[in-house]
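Just so it is clear, none of the values below were taken in a lab; they were calculated from the coordinates. This one's a predicted model, so the numbers in the text were calculated from it and none came from an experiment. Methodologically, a virtual Cβ is constructed for each residue, glycine included, from the backbone with ideal geometry; neighbour enumeration extends over all protein chains shown.
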Amino acid sequence: MAKFRKIGILSSGGDAPGMNAAIRAVTRRALSQGIEVVGILGGYAGLLGAADESDPDVIRAKYLRPLDTRSVSNIVTRGGTMLYSSRCPEFKTEAGMAKALKTCHEHEIDAVIAIGGDGTFRGATDLTNHGIPSIGIPGTIDNDITATDQTIGFDTALNTALTMIDALRDTAESHARCIVTEVMGNGCGFLSLYLGIATGAISIAIPEMPFDRAYAINRIRDAREKHGKRGIIAICGEGMPDINGVKYGQDFADEIAASTGIDTRFTKLGHIIRGGNPTLRDRLTATQMGVEAVNMLLEGRSNLVMCVTENRITSVDINFALVLDRMYKNKLKDGDLEGFTGYQLAQMKARCEARHAKIKRLYGISYDICM
Ligand code: ADP
């Protein structure tokens, strides 16, 4: 069993509800194993900032917060992240890494658990390669980490958005309007797809699937003229490309209005779906991932991303997860596949195909059911 005196925990990149539940779980699991825990404030920026200061009291107050059982009380219910988050481009540089390592060595941080998205995992793998074993926990509302079926925050964002789109339907129904709603997702259509099905959206535009606008507009016209539908909701994923500098959803709304005569509005749910109290599912997943991340470190393992696979908590190597992600998004770089075994490459391909198949299946359902 690996021995650690102290581990650092940080949240980085976009925040997501449930990050606090993961922070709490990591802290309490580590403390139960006799390991000290320090919260690194503001993501990787906290590690860098601490290296610039010399007064230990200033460092503790500004960048590093020792965590005990009580420091993480009453946070499981809260959205956001008590350790704050930021983007820190300097961390990607050699000078930035040198500062991060200085902080780890001076403050005896033996390992790091980093909650965030793929950028955060790249940081964690860099730390591991420089001698600080690190593990990533996927915290992002977008569910855009291919290695895991579910990221922390996805379920909460779905439920928050669900309530809001239901509310839009109320007003759409009263005024016989069509409302085109843009939903976040960072190029990943899962939020839009799930929400479209659950809210009965008549059309769902997501980057992963071809979107036939003329067909969608005909459906909208028929829904009104042939089936008497008053309130009409259309969903548009944030990752859809702008059209002549105009947001895809706005452009689509304008075209619906022009070609059907239906009073049509465009609205963006925006950042509001990134906040709020985490759902039961996000709290449970975050708690299990936090505990398992500490267990992995204790087993001497690192450079892993915690995942949910078929409703179980699992983990994969960060490099595997990052390349798998690029394979899924058709963004493979030269040399990406080198160093993986044939079995690993086959696993990656199978995972990409399964994810595509899931999206296609759900997309098909939406066309049959939502009208
Ligand atoms: P997310 O983790 O949500 O994907 P970002 O892509 O902004 O968000 O990444 C969060 C942080 O992770 C960055 O601000 C940076 O400090 C660190 N990071 C991102 N990419 C790299 C990289 N290639 N190498 C090292 N650190 C990185």
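If I filter region 313-326 for residues that are without any contact (Cβ under 8 Å) to a residue 12 or more places away in the chain and either of a type in the set (A, V, I, L, M, F, W, C) or in a helix (DSSP H, G or I) (or both), do I get at least one hit? Yes, region 313-326 contains a residue that is without any contact (Cβ under 8 Å) to a residue 12 or more places away in the chain and either of a type in the set (A, V, I, L, M, F, W, C) or in a helix (DSSP H, G or I) (or both). Does Leu127 satisfy the criteria of being more than 9 Å from the ligand (Cβ to nearest atom), within 14 Å of Leu47 (Cβ to Cβ), over 16 Å from the mean Cα position of the chain (by Cα) and crowded, with 21+ Cβ neighbours inside 10 Å? For Leu127, the condition - more than 9 Å from the ligand (Cβ to nearest atom), within 14 Å of Leu47 (Cβ to Cβ), over 16 Å from the mean Cα position of the chain (by Cα) and crowded, with 21+ Cβ neighbours inside 10 Å - is not met. Report, ordered by the first and then the second residue, all pairs with beta carbons closer than 6 Å, sequence separation of six or more or different chains, a first member in region 5-23 that is in contact (Cβ under 8 Å) with a residue 40 or more places away in the chain and more than 19 Å from Tyr63 (Cβ to Cβ), and a second member that is within 14 Å of the ligand (Cβ to nearest atom) and among the small types (Gly, Ala, Ser). Every condition considered, the pairs that remain are Ala16/Gly139; Ala16/Gly153; Pro17/Gly153; Gly18/Gly153.
Selection of strands (runs of 3 or more DSSP E) fully inside region 88-200 by the criterion of at least 3 residues being out of contact with any strand residue (DSSP E or B) (no Cβ under 6 Å at 6 or more places or on another chain) and over 27 Å from Cys352 (Cβ atoms) returns nothing. Only one entry of Thr81, Thr151, Thr77, Thr146 meets the criterion of being more than 9 Å from the ligand (Cβ to nearest atom), within 30 Å of Tyr194 (Cβ to Cβ) and in contact with a Phe, Trp or Tyr (Cβ under 6 Å, 6 or more places away or on another chain), and that entry is Thr146. Taking into account only those residues within region 330-348 that are without any contact (Cβ under 8 Å) to a residue 12 or more places away in the chain and of a type in the set (A, V, I, L, M, F, W, C), which is nearest to Ala216 (Cα to Cα)? Across region 330-348, the extreme among qualifying residues is Leu332. Of the set (1) among the polar types (S, T, N, Q); (2) away from the ligand (no atom under 14 Å from the Cβ); (3) within 27 Å of Thr140 (Cβ to Cβ), all apply to Ser54 but (3). Scanning region 31-65 for residues that are over 23 Å from Ala16 (Cα atoms), out of contact with any Lys or Arg (no Cβ under 6 Å at 6 or more places or on another chain) and assigned to a helix (DSSP H, G or I) returns Leu31, Ser32, Gly49, Ala50, Asp52, Pro56, Asp57, Val58, Ile59, Arg60, Ala61.
Of the residues examined, Gly80 is one that is surrounded by fewer than 23 Cβ atoms within 10 Å (Cβ to Cβ), in contact with a Pro (Cβ under 9 Å, 6 or more places away or on another chain) and not in a helix (DSSP H, G or I). In region 349-368, the residues that are closer than 16 Å to Glu310 by Cβ form Cβ pairs under 8 Å with partners that are of a type outside the set (Lys, Arg) and surrounded by 12 or more Cβ atoms within 10 Å (Cβ to Cβ), at six or more places apart or across chains, as follows: Arg351/Thr146; Arg351/Ala147; Arg351/Leu324; Arg351/Tyr328; Arg355/Thr146; Arg355/Tyr328.
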